[in-house]
Amino acid sequence: MGKFEVLDHPLIQHKLTLIRDKNCSTKEFREIVNEISTLMAYEVSRDMPLEDVEIETPIGKSIQKQISGKKVAIVPILRAGLGMVDGMAELLPVARIGHIGMYRDEETLKPTEYFVKLPSDISERQVFVVDPMLATGGSAIMAVDALKKRGARDIRFCSLVAAPEGVKALEEAHPDIDIYTAALDEKLNEDGYIVPGLGDAGDRLFGTK
Ligand code: PRP
Ligand code: URA
């Protein structure tokens with residue numbers, strides 16, 4: 001079973017509270033999602049492998065550490081995942097960016113895939129799928145399906161707010177992936193929204209509706 005972790009760093013929790021507030025403006029929402037994403041990138045990259053490298057300081061030769069191994073890809077689920085890309089890329093600047101387009105039918109809550117564009121070497125990359133909301137889990141499951149179908153093997157899912165129902169569904173469908181979230185909320189309501197959540201993440205990020 002993959003890892004499930006709530007990233008409860010005080011700065012992340014504080015900033016998440018700010019964007020949950022219904023009076024948070026679109027501008028502030030976008031800026032704070034960006035900031036939280038940078039903090040999350042720091043947490044989810046903690047176990048990146050290091051290798052020894054010889055360098056020369058002004059004093060002399062020395063063996064020090066540098067990040068080794070796998071290349072990284074950040075893959076947002078459109079639209080709302082886009083809000084997390086720049087913040088993550090700030091700490092992972094050499095990451096390639098893939099895109100998976102998906103929307104949820106408001107009645108059935110079932111996702112429809114409408115776009116997939118990934119780096120050609122996705123199978124060799126550590127993939128960070130980003131989407132602020134893990135609700136029923138349908139979109140995340142379909143996104144991971146799309147990635148695996150194209151060869152991705154090392155996948156981590158990063159959300160801001162998750163519902164227990166979505167975490168369970170994603171773990172059952174893809175037990176091999178790691179799931180990170182800034183908050184594990186109470187439940188889903190009858191309309192498929194996370195309670196207390198933060199509303200519709202895409203609409204709040206882009207000022208639609
Ligand atoms: C939202 C959110 C997730 C999905 C989560 O996207 O960004 O992708 O819902 O719900 P699920 O876990 O029940 O699938 P939405 O479909 O509203 O599209 P948008 O990002 O374009 O607004
Ligand atoms: N998608 C959102 O944007 N918000 C929710 O609460 C659930 C799904």
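Rounded to whole numbers, the Karplus 3J(HN,Hα) couplings from phi for region 193-203 are 8, 6, 10, x, x, 8, x, 8, 4, x, 5 Hz, using 6.51 cos²θ - 1.76 cosθ + 1.60 with θ = phi - 60°, and x at Gly and Pro. The spacing between region 16-36 and region 99-150, judged by their C-alpha centroids, is 24 Å. Close amide H contacts of Ala182 (hydrogens built in the peptide plane, cut-off under 5 Å, sequence separation of 5 or more or a different chain): Leu7, Ser159, Leu160, Val161.
So how tilted is helix 138-149 from the main axis of the chain? Cα-based, degrees 0 to 90, rounded to 10. The helix 138-149 is inclined about 40 degrees to the chain. Distances between placed amide hydrogens fall under 5 Å for Val75 paired with Gly98, Phe128, Val129, Val130, all partners being 5 or more residues away or on another chain. Just the protein heavy atoms count here, and of the accessible area of the chain at 1.4 Å, carbon and sulfur take up 52 percent. Where both bridge residues fall in the chain, DSSP classifies roughly 35% of the beta bridges as antiparallel.
The magnitude of the dipole of region 2-204, with charges of +1 and -1 set on the Cβ of Lys/Arg and Asp/Glu and taken from the Cα centre, is near 480 debye. Estimated purely from DSSP H runs of n ≥ 4, each contributing -39500 (n - 2.57), the mean residue ellipticity at 222 nm for the chain is -9500 deg cm²/dmol once divided by its residues. Packing, as the average of other Cβ atoms within 10 Å across residues, places the peptides 83-96, 151-164 in the order 151-164, 83-96, highest first.
Per residue, region 33-85 exposes an accessible area of 56 Å² to a 1.4 Å probe, with every protein chain left in place. Potential lengthening of the chain between Thr108 and Ile63 amounts to 10.5 nm, from the contour at 0.36 nm per residue minus the alpha-carbon distance. Which percent of Cα-Cα pairs in the chain sits in each 10 Å bin, short to long? It works out to 8, 35, 36, 14, 5, 2, 0, in whole percents.
The values are calculated or read from the model by the stated rules, or taken from the named source; none is laboratory data. These numbers were taken from a predicted model, which means no experiment stands behind them. FYI the Cβ positions are ideal-geometry reconstructions off the backbone, even for glycines, and counts take in every protein chain you see. What goes into the accessible areas is simple: the full protein's heavy atoms, side chains included, and nothing from ligands, DNA or RNA. Shrake-Rupley method; radii C 1.70, N 1.55, O 1.52, S 1.80 Å.
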